[in-house]
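Read through the structure below, which is laid out as structure tokens, and then see the notes.
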Amino acid sequence: MGESTPASAPQHAAEGTGQGTGEAGETTADAFLAGGSLRHAPGPYFGSYGGRWMPESLIAALDELEETFEKAKSDPEFLAQIAELNRTYSGRPSLLTEAKRFSAHAGGVRVFLKREDLNHTGSHKINNVLGQALLAKRMGKTRVIAETGAGQHGVASATAAALLGLECVVYMGAEDARRQALNVARMQLLGATVVPVTNGSQTLKDAINDALRDWVANVRTTHYLLGTAAGAHPFPALVRFFHEVIGDEAREQILTQTGRLPDAVCACIGGGSNAIGIFHGFLDDPSVRIYGFEAGGEGIDTGRHAATITLGRPGVLHGARSYLMQDEDGQTIESHSISAGLDYPGVGPEHSYLHDIGRVTYEPITDAEAMDAFRLLCRTEGIIPAIESSHALAGALKVGQRLAAEGGDPAEKIVIVNLSGRGDKDVQTAADWFGMLDENGNVKGTTLSTRSAKGGQPQAAGQGEAKEQQ
Amino acid sequence: MSKSAAKIDQALAGGRAALIGYLPAGYPSVEESIEAGIELARGGADLIEIGVPYSDPVMDGSVIQAATTEALARGFRVASVFDVVRGITEATADLGTAVLVMTYWNPVVRMGVDEFARRLAEAGGAGLITPDLIPDEAEEWFEASDRYGLDRVFLVAPSSTPERMAMTAKACRGFTYAVSLMGVTGARTAVDAAARDVVEAARAAGAERVCVGLGVSTAEHVREIADYADGVIVGSALVSAQRDGGPSAVGRLASELSAGLSRTTAAGA
């Protein structure tokens, strides 16, 4: 079965996580480096994870995609196309910003932000959609479909489709569509059709189910533009390929700006695409500790979370074997997170592998911790981060404090955080969380509604009201 | 010999294709799904597929999704599928009905492939139909199905290449499940033109017994497919009957459908 093909890493690496202690991290790193490189793992298997647990009907399409991708990635013309779009359309390279005031809260270590939030469409998602949309064109497909959680991937897909003249249909859980109404409108403005999904938990996993059903029926004309580094082969390796630019840039930038590699790299993990993109740049640098922060929701002992690696166990979902939140019967458990983009009960198979060999440490961050970090970044750096990315920020605060506690001058230590997206889409959620809204959903003291275009009832909000409540 | 194959051959020897009916376990209750299965066999189904309700049924359309979601909401547990298989198999011993389980793969993985196979065999089950497991990933299932003498039914589709058809046909035991169209389960007005091509391609690739499913809901569809396939698989229409009229309605529909099976009477009767 999933008996590992290459992944080119050593089998002897430590099982378990090496919970962030420096010693364990480096020992593990040495162990895998002795066995070769962890970069560019081609799939279909990453250790025993990955593969193709898919209906036969879709295998031909996956084969076609794999073949097209393999040719494209060694085609100078294709690579030049991607590079040109990255430079002149997405706005790459994205900045690496030192967060000096934020750093004071992270034990005084130097924190750098990889600014994927500054990309066109506001997140890292654009890297993948442009690449896949170009592949769709190469395959002669005229239509792309996509799933979306927070709406970032849906917006990015609609954008790429508009740019390249493709029809676009986006499946979005009805619950998510309510949470991210503004992104629904964005997708529609870009010419996409948004289909609210009312099955199951009405979130990302159910949107993927419906997208797969659409794909089975329309595979001749349609490419499934999967938004994360998960799913059946070749998606995990393919999506990572288009996001590797994040890590490649970050590595070069930190060397240029500081003259050395970072001590730690942090990213948030839903399906894990932004994380695998930045991690990839540092996988073979044994001195760099790598951390993935999952959505701990209301707390991992509450059952309401999306901490797939922390608490899940291996299973198959949406085409790949990977860690999975499931019950005793193998039924997928509904995940919970304040962040729609992390609210997914699975995770990309390469992350499962990197966890098992101990190269990457995965930890949960609760909603509350993420929102504290969200506010902190707003107020110390003038940057409103996506709530997804706020999980990475909260993790970086912990990592920074741990690094500082190890002794030495903390200002000599460096942490890079992948700021995977900006928080414009999360303003309503944040305003709600921080008690900034009145009972009508208006920002207190104003008639400004965050809920919908028509929500701003003319009833004047009492002037004193805003200060009185909560 | 394979229990499913024997049952199909018996039908063929009688001058007709086999009728295969699908019902989800635990819908609307474990007991009623057993009763419906028995009615289905009495109504003329030679083989029965019992579906395991699953949280993420990507190959299913709205009718089956609604039924399995309801079963799960009412607390269906995977282990109950063995009770359903046993209940139907024992009550239809006189007919020799072959009862298979159709399941997405993760519930099997979670229980343990060997454990699932052992319990299925103990319950008298004939084998498994696996809509999201391809032979490429099925090594563990090959071993377990050999160990317990179970049939393994993989799917072939209009999109399958000749190479994959051959590989899959070889991997199957019992029969090969030919998907009639590119899509998910659910009634359609007409049988997709691709159905006959898939059957022919599967035969050319070495498949011994080929049964056609997806989008087959009426006696007219059955009649059309029975003309060239070894078996005809009906799912959503039976689930709708169970939903609207319970086990007796399932039995009535099975009788209607089975009237379409006979190759010789198709023209006259």
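The values are calculated or read from the model by the stated rules, or taken from the named source; none is laboratory data. Here the structure is a predicted model, which is why all the values come from computation and not from measurement. Here the Cβ positions follow ideal geometry from the backbone for every residue, glycine too, while neighbour counts run over all protein chains shown. The area values use the complete protein model at the heavy-atom level, side chains included, leaving out ligands, DNA and RNA. Shrake-Rupley method; radii C 1.70, N 1.55, O 1.52, S 1.80 Å.
A few comments on the model shown:
- Residue B:60 vs. criteria closer than 30 Å to residue A:323 by Cα, in contact with a His (Cβ under 9 Å, 6 or more places away or on another chain) and not hydroxyl-bearing (Ser, Thr, Tyr): no
- Taken over region A:220-260, the residue count meeting the criterion of being touching a residue at least 40 places away in the same chain (Cβ under 8 Å) and assigned to a loop (DSSP other than H, G, I, E, B) is 12.
- Within region A:311-354, the set of residues being in contact with a helix residue (DSSP H, G or I) (Cβ under 6 Å, 6 or more places away or on another chain), more than 12 Å from chain B (Cβ to nearest Cβ) and either surrounded by fewer than 24 Cβ atoms within 10 Å (Cβ to Cβ) or part of a strand (DSSP E or B) (or both) comprises just one member, A:323.
- Filter result for residue B:60 (in contact (Cβ under 8 Å) with a residue 12 or more places away in the chain, closer than 21 Å to residue B:213 by Cβ, part of a loop (DSSP other than H, G, I, E, B) and open to solvent by 10 Å² or more (accessible area, probe 1.4 Å)): yes
- Against the test of being at pLDDT below 95 and open to solvent by 20 Å² or more (accessible area, probe 1.4 Å), the options A:143, A:178 yield a single qualifying residue, A:178.
- The residue that is nearest to the other protein chains (Cβ to nearest Cβ), counting only those in region A:50-71 that are buried (at least 20 other Cβ atoms within 10 Å of the Cβ), assigned to a helix (DSSP H, G or I) and of a type in the set (Gly, Ala, Ser), is A:57.
- Among the criteria (1) open to solvent by less than 20 Å² (accessible area, probe 1.4 Å); (2) within 24 Å of residue A:90 (Cα to Cα), the one residue A:162 does not fulfil is (1).
- Within region A:181-210, being farther than 15 Å from residue B:65 by Cβ and open to solvent by less than 50 Å² (accessible area, probe 1.4 Å) holds for A:181, A:183, A:184, A:185, A:187, A:192, A:194, A:195, A:203, A:204.
- So residue B:56, is it over 30 Å from residue A:208 (Cβ atoms), of a type in the set (Asp, Glu) and in contact with a helix residue (DSSP H, G or I) (Cβ under 9 Å, 6 or more places away or on another chain): no
- Taking the criterion of being basic (Lys, Arg) and more than 9 Å from chain B (Cβ to nearest Cβ), the residues of region A:178-225 that qualify are A:178, A:179, A:186.
- Checked against (1) over 15 Å from residue A:401 (Cα atoms); (2) touching a helix residue (DSSP H, G or I) at 6+ places or on another chain (Cβ under 8 Å), residue A:118 passes all but condition (2).
- Criterion: surrounded by 24 or more Cβ atoms within 10 Å (Cβ to Cβ) and under 18 Å from residue B:126 (Cβ atoms) - qualifying residue of B:21, B:26: B:21
- Of all residues making up region A:393-439, the number that are outside any loop (DSSP other than H, G, I, E, B) and under 27 Å from the mean Cα position of the chain (by Cα): 29
- Filter result for the condition that a residue is on the phi > 0 side of the Ramachandran plot and open to solvent by less than 10 Å² (accessible area, probe 1.4 Å), over A:173, A:231: A:231
- Residue in region A:73-84 that is within 30 Å of residue A:110 (Cα to Cα) and touching a residue at least 24 places away in the same chain (Cβ under 8 Å) present: no
- Any hit, region B:91-113, residues being among the charged types (D, E, K, R), open to solvent by 10 Å² or more (accessible area, probe 1.4 Å) and at the interface with chain A (Cβ under 10 Å from one of its Cβ atoms): yes
- Tally of residues being closer than 17 Å to residue A:266 by Cα, open to solvent by less than 10 Å² (accessible area, probe 1.4 Å) and assigned to a loop (DSSP other than H, G, I, E, B) across region A:100-123: 2
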